[in-house]
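Heads up: the structure comes next, in structure tokens.
The values are calculated or read from the model by the stated rules, or taken from the named source; none is laboratory data. Since the structure is predicted, the reported quantities are computational estimates derived from the model, not experimental observations. Virtual Cβ from ideal backbone geometry, glycine too; neighbours counted across all protein chains shown.
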Amino acid sequence: MERVPLHESALEAPVEARDGSKRIEPPEPVAIKVWIVTARGKAFLSEQARAVAWTTGQHPQVQVEYLDRGGRIGFAWVWASAVRRA
């Protein structure tokens, strides 16, 4: 499967907000819907996405695997508020 090009990839939540947080990895990825904001500032809802890990704590984040509008696969850490179970 083709990967999302870097210039169209998702903006990620800051790694500093994950530092010291507990990382949880489910036995199987969880089907989700996720709002993605790209490096070019465009936003879209990916309804074909999976949560592969998440953090707990004051500023929770989710590591997602998503398909963009062109059907290409992308990976990013996003704020938990951008994610909903499918």
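Here are the numbers for this structure:
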| read-out | value |
| --- | --- |
| Tabulated pairs, the stretch 35-51, first under 10 Å from A10 (Cα atoms) and at pLDDT 95 or above, second part of a strand (DSSP E or B) and of a type in the set (S, T, Y), C-beta under 7 angstrom, 6+ apart or interchain | I36/S46; I36/Y66 |
| Test result for A31, in contact with a Lys or Arg (Cβ under 8 Å, 6 or more places away or on another chain), surrounded by 14 or more Cβ atoms within 10 Å (Cβ to Cβ) and of a type in the set (A, V, I, L, M) | no |
| Single condition Q61 does not satisfy, out of (1) within 14 Å of K22 (Cα to Cα); (2) loosely packed, with under 14 Cβ neighbours inside 10 Å; (3) not basic (K, R) | (2) |
| Subset of the stretch 4-30 [acidic (D, E), assigned to a loop (DSSP other than H, G, I, E, B) and farther than 12 Å from W54 by Cα] | E12, D19, E28 |
| Answer from E16, E28, E12 - the residue that is of a type outside the set (A, V, I, L, M) and under 12 Å from the mean Cα position of the chain (by Cα) | E12 |
| Top-ranked residue in the stretch 38-58 [being more than 10 Å from the chain's Cα centre (by Cα) and among the β-branched types (V, I, T); ranked as surrounded by the most Cβ atoms within 10 Å (Cβ to Cβ)] | T55 |
| Of the criteria (1) closer than 15 Å to A10 by Cα; (2) touching a helix residue (DSSP H, G or I) at 6+ places or on another chain (Cβ under 6 Å), which one R72 fails | (2) |
